[in-house]
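Quick notes on the structure that follows.
The values are calculated or read from the model by the stated rules, or taken from the named source; none is laboratory data. Everything numeric in this text was worked out from a predicted model, so none of it was measured. Backbone-built Cβ (ideal geometry, glycine too); neighbour counts: all protein chains shown. Accessible surface is based on the protein model in full, side chains and every heavy atom, while ligands, DNA and RNA are left aside. Shrake-Rupley method; radii C 1.70, N 1.55, O 1.52, S 1.80 Å.
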Amino acid sequence: RVHPMVNYQNQYIPQGTTTNRIQRSILIAGKEKGWHMRQIKPGLIHGWIDVRGHYAAVNITYSRTSYSIIHDSSYRLMAQDGKIHRNYNKWVAHLNRKIQSHLRAKFTP
């Protein structure tokens, strides 16, 4: 049930995307996938999700050219030695795909 922990580093952002659109894309994508998102400062969003008492938190850093989703903390997900419950990787993968979808959309989210 545990797998190597996946962090998404240096994910592509389409050229010419404004930082406002990047920020909004991350916040909206998180909300749509059940994450709670909070802007900490420009370039840093903290997100967390609680599914049936299993908690995970990530830090999402972003610039005009890329963003990264990095594990911050977790509870009841067996995180140890770079491994974590497979559901964490699924949740973060879904979040990453939704962010990419918003960033590539022709309209402003």
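Every residue, every condition in (1) of a type in the set (Gly, Ala, Ser); (2) touching a Lys or Arg at 6+ places or on another chain (Cβ under 9 Å); (3) farther than 24 Å from His85 by Cβ, yes or no:
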| site | (1), (2), (3) |
| --- | --- |
| Pro14 | no, yes, yes |
| Asn20 | no, no, yes |
| Ala29 | yes, yes, no |
| Arg38 | no, no, no |
| Gly43 | yes, no, yes |
| Trp48 | no, yes, no |
| Gly53 | yes, yes, no |
| Ile60 | no, no, no |
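Consider Ala57 carefully, then state whether it is open to solvent by less than 30 Å² (accessible area, probe 1.4 Å) and touching a Ser or Thr at 6+ places or on another chain (Cβ under 6 Å).
yes
Based on what the data block shows, is Tyr67 over 21 Å from Pro42 (Cβ atoms) and either over 9 Å from the mean Cα position of the chain (by Cα) or in contact (Cβ under 8 Å) with a residue 24 or more places away in the chain (or both)? Spell out how you get there, then give the answer.
Working: over 21 Å from Pro42 (Cβ atoms): no; either over 9 Å from the mean Cα position of the chain (by Cα) or in contact (Cβ under 8 Å) with a residue 24 or more places away in the chain (or both): yes.
For Tyr67, the condition - over 21 Å from Pro42 (Cβ atoms) and either over 9 Å from the mean Cα position of the chain (by Cα) or in contact (Cβ under 8 Å) with a residue 24 or more places away in the chain (or both) - is not met.
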